[in-house]
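All remarks here apply to the structure that follows.
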Amino acid sequence: MGSLTLNNLTKSFGKTEVIKGVDLEVRDGEFCVFVGPSGCGKSTLLRMIAGLEDVSSGDVMIDAARVTQLPPSKREIAMVFQSYALYPHLKVRDNMGLAMKRAGASKPQVEAAVDEAARMLSLEPLLDRRPAELSGGQRQRVAIGRAIVRRPKLFLFDEPLSNLDAALRVATRIEIARLHHELKATMIYVTHDQVEAMTLADRIVVLDGGRVAQVGAPMELYNDPANTFVAGFIGSPQMNFLKAGAIGLQGETVGIRPEHLEISKETGEIPGTISHIEHLGGETNIYIHTEPHGLLTVRLFGEHHFEIDAPVYLTPDPARRFHFDAAGDRMR
Amino acid sequence: MAMSARSSLPRTVAVHVALITYTLIALFPVFVIVINSMKSRKAIFREPLALPGPGTFDLVGFQTVLSQGNFPLYFGNSLIVTVASLAIVLVFGAMAAFALSEYRWRGNLLMGLYLAIGIMIPIRLGTVAILKGMAAVGLTNTLTSLVLVYSAQGLPLAIFILSEFMRTVSDDLKNAGRIDGLSEYRIFFTLVVPLIRPAMATVAVFTMIPIWNDLWFPLILAPSEATKTVTLGAQTFIGQYVTNWNAVLASLSLAILPVLVLYLVFSRQLIRGITSGAVK
Ligand SMILES: Nc1ncnc2c1ncn2[C@@H]1O[C@H](COP(=O)(O)OP(=O)(O)OP(=O)(O)O)[C@@H](O)[C@H]1O
Ligand SMILES: [Mg+2]
């Protein structure tokens, strides 16, 4: 109950093409996360799935039924917005119940559904307040509750946590993961925060300029990126890109994650000087200036001490190198 | 740096002097009308700026106005015309503004420009054509003709101001409504309109005052006894040879009242509307 298929979906605003042919299968019960840099079309794609934005060509299918022409309210979806978007004039209870009421459910049915959703999110004490009387975190929980009430086939989230502070973001993230487990519902979640993407997703869809750059489980993308875009986007600190010719390797670019770059004061393949060190407690990030690769990052676990401007040598782990061709695609 | 612009004393004094001077100048004619409306005819001419005293106090103007002439009728006409025009301007202006700011369709920009032209071209330029048109459809000497003209006069600015405010209403909120199955009308009336209430009040005041005060169109389109408005009615006391100044001034004083009441109703929202852009 709740699979989604996108067939060669495109969208243009006037002459600019924003979504350039997206094909995607989301299985029933899957938690699918769209990530990508700002402006790559994540929200637009999500709004097209919701029916809030017309599609220029292609099809949206929910449970194998073509819904491309259906209005949002007929698609059996629910959406949680970054700005909460609660109805300011309605109490929390009525905010949550509105969709079911509009769909023609009886009063006791609506009440039962609202109470059930409120119980799952511990919203009972807030039911008789208005949105203006809630904190940001409470508002977002109510917005999530409003989505649960109608038991949609598909949950759509558009950066629901980006207006919350760091601690609340973690708590709400865990709550969303728990809800997904409890409801076993299909969820599509847009974010540009890769921690959210990595921790929540069953599958991640990386978007780049309106195209799908790669689809896969979080660790698949991390360990087996298909191109330089995905390799650079997933993982923090970012993957280092070395010029393959300069170190006698095949391909155009060689990617190596900061934790797979060995640092030594005496000897190694790539000489450089330390330009900056970040101590994070559990790990230490060292930024090293090298020729001709530019600034490279080394990630060490635990505490380490180096002098700034000291000469050091770096050696990539040969088993962990990724080779990319001139177009940025992976060479296997 | 030590003293911010806001709290500097000479500046505060200067601002207050300027504003008080302006207020005095603006209120002076109103003040003269009101005090003279309560004086005897002789007193009006002898000392036009004196306050009504024991010897000069006289309500004959108000008595004349309320007994003679159809003053309550004129008053009613003015109210009907103003309220009806205001309602039409607000409802249709807001709806047009919503359509212009919310939907993307071919010719959206052109339509917006077309509707905005009315701000720059005074409607009085078309008086002759309007009169011919009204005569052709048999609407001369009806309140309907006035309502139509005033709606046309008020709509351009209303649409212009309101569509700017509509753009500030969160898209997410409207989209949430769409997903929950609200019709576009429900979204407009229950979600959007309440959020732009201050702007609506601003538009209401700016629309209402010129309509209430207008003399031109009532004189041209509806001068009959049954359709006279207050401003036109007051003219009946101005004769070619003798003018009943008591009555003229009394009727003008009375005409101020409804505008004052409506202004007070809208003013709190109005101030929020005017300042909201600046504060945010
Ligand atoms: N209504 C519109 N008219 C014209 N262009 C638009 C419109 N909405 C979005 N765009 C363009 O489409 C592109 C994708 O926008 P979208 O909002 O989907 O980005 P996003 O991936 O969600 O970015 P972010 O992470 O910043 O939210 C952007 O370049 C944007 O300028
Ligand atoms: Mg977005």
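In table form, for the structure just shown:
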read-out: Check on A:GLU76, open to solvent by 30 Å² or more (accessible area, probe 1.4 Å) and within 11 Å of chain B (Cβ to nearest Cβ); value: yes
read-out: Residues of region A:275-304 classified as at pLDDT 90 or above and either open to solvent by 90 Å² or more (accessible area, probe 1.4 Å) or touching a Cys at 6+ places or on another chain (Cβ under 6 Å) (or both), total; value: 5
read-out: Index of the failed condition, A:SER3 passing every other in (1) within 16 Å of ligand 2 (Cβ to nearest atom); (2) more than 14 Å from every other protein chain (Cβ to nearest Cβ); (3) surrounded by 16 or more Cβ atoms within 10 Å (Cβ to Cβ); value: (1)
read-out: Pick from region A:186-195, criterion open to solvent by less than 10 Å² (accessible area, probe 1.4 Å) and away from every other protein chain (no Cβ under 14 Å), ranking: farthest from ligand 1 (Cβ to nearest atom); value: A:THR186
read-out: Sole residue being touching a strand residue (DSSP E or B) at 6+ places or on another chain (Cβ under 6 Å), more than 16 Å from ligand 2 (Cβ to nearest atom) and open to solvent by less than 20 Å² (accessible area, probe 1.4 Å), chosen from A:ASN240, A:ASN227; value: A:ASN240
read-out: Test for B:LEU110: is it more than 25 Å from the chain's Cα centre (by Cα) and among the aliphatic types (A, V, I, L, M); value: yes
read-out: Residues being within 16 Å of ligand 1 (Cβ to nearest atom) and under 17 Å from A:ARG178 (Cα atoms) - total across region A:123-162; value: 4
read-out: Condition check for A:ASP59: open to solvent by 10 Å² or more (accessible area, probe 1.4 Å) and either away from every other protein chain (no Cβ under 14 Å) or within 13 Å of A:PHE157 (Cα to Cα) (or both); value: yes
read-out: Selection status of A:GLU76, at pLDDT below 95 and touching a Lys or Arg at 6+ places or on another chain (Cβ under 7 Å); value: yes
read-out: Those residues of region A:85-95 which are more than 10 Å from chain B (Cβ to nearest Cβ) and in contact (Cβ under 8 Å) with a residue 40 or more places away in the chain, in sequence order; value: A:VAL92
read-out: Restricting region A:30-44 to residues that are more than 12 Å from the chain's Cα centre (by Cα) and either within 8 Å of ligand 1 (Cβ to nearest atom) or within 12 Å of A:ASP193 (Cβ to Cβ) (or both), the residue that is most open to solvent (accessible area, probe 1.4 Å); value: A:GLY39
read-out: Index of the failed condition, A:LYS101 passing every other in (1) within 11 Å of another protein chain (Cβ to nearest Cβ); (2) assigned to a loop (DSSP other than H, G, I, E, B); (3) out of contact with any Pro (no Cβ under 9 Å at 6 or more places or on another chain); value: (2)
read-out: Options A:ARG47, A:ARG93; residue that is in a helix (DSSP H, G or I), surrounded by 19 or more Cβ atoms within 10 Å (Cβ to Cβ) and away from ligand 2 (no atom under 13 Å from the Cβ); value: A:ARG93
read-out: Close pairs (8 angstrom Cβ cut-off, 6 or more residues apart or separate chains): within 14 Å of chain B (Cβ to nearest Cβ) in region A:35-48, near ligand 1 (Cβ under 6 Å from one of its atoms) and of a type outside the set (D, E, K, R) anywhere; value: A:THR44/A:VAL18
read-out: Number of the condition not met by A:GLN69 [criteria: (1) farther than 29 Å from A:LYS42 by Cα; (2) open to solvent by 20 Å² or more (accessible area, probe 1.4 Å); (3) more than 13 Å from every other protein chain (Cβ to nearest Cβ)]; value: (1)
read-out: Subset of region A:196-211 (residues that are surrounded by fewer than 20 Cβ atoms within 10 Å (Cβ to Cβ) and either within 13 Å of ligand 1 (Cβ to nearest atom) or in the same structural domain as A:ARG257 (by TED's automatic domain parsing) (or both)); value: A:ASP208, A:GLY209, A:ARG211
read-out: Number of positions in region A:304-321 that are in contact (Cβ under 8 Å) with a residue 12 or more places away in the chain and either outside the structural domain of A:THR273 (by TED's automatic domain parsing) or part of a loop (DSSP other than H, G, I, E, B) (or both); value: 8
read-out: Matching entry among A:GLN109, A:GLN82, A:GLN138 (being surrounded by fewer than 16 Cβ atoms within 10 Å (Cβ to Cβ) and either more than 14 Å from chain B (Cβ to nearest Cβ) or assigned to a loop (DSSP other than H, G, I, E, B) (or both)); value: A:GLN109
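To keep it simple, each residue is scored yes or no on (1) outside the structural domain of A:GLU283 (by TED's automatic domain parsing); (2) in contact with a helix residue (DSSP H, G or I) (Cβ under 6 Å, 6 or more places away or on another chain); (3) assigned to a loop (DSSP other than H, G, I, E, B).
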| site | (1), (2), (3) |
| --- | --- |
| A:PRO225 | yes, yes, yes |
| A:PHE241 | no, no, no |
| A:LEU249 | no, no, yes |
| A:VAL254 | no, no, no |
| A:GLU259 | no, no, no |
| A:ILE263 | no, no, no |
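Residue-wise test of (1) away from ligand 2 (no atom under 13 Å from the Cβ); (2) in a loop (DSSP other than H, G, I, E, B).
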position	(1), (2)
A:ASN7	yes, no
A:VAL18	no, no
A:GLU25	yes, no
A:VAL33	yes, no
A:LEU52	no, yes
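Each row is one residue, and each column tells you yes or no for (1) in a helix (DSSP H, G or I); (2) surrounded by 15 or more Cβ atoms within 10 Å (Cβ to Cβ); (3) not β-branched (Val, Ile, Thr).
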site: B:PHE45; (1), (2), (3): yes, no, yes
site: B:ALA50; (1), (2), (3): no, no, yes
site: B:ILE88; (1), (2), (3): yes, yes, no
site: B:MET95; (1), (2), (3): yes, yes, yes
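The values are calculated or read from the model by the stated rules, or taken from the named source; none is laboratory data. Remember, it's a predicted structure, so these values are computed and weren't measured experimentally. Note that we place each Cβ from the backbone using ideal geometry, even for glycine, and neighbour counts take in every protein chain shown. With ligands, DNA and RNA removed, areas are computed over all heavy atoms of the protein, side chains included. Shrake-Rupley method; radii C 1.70, N 1.55, O 1.52, S 1.80 Å.
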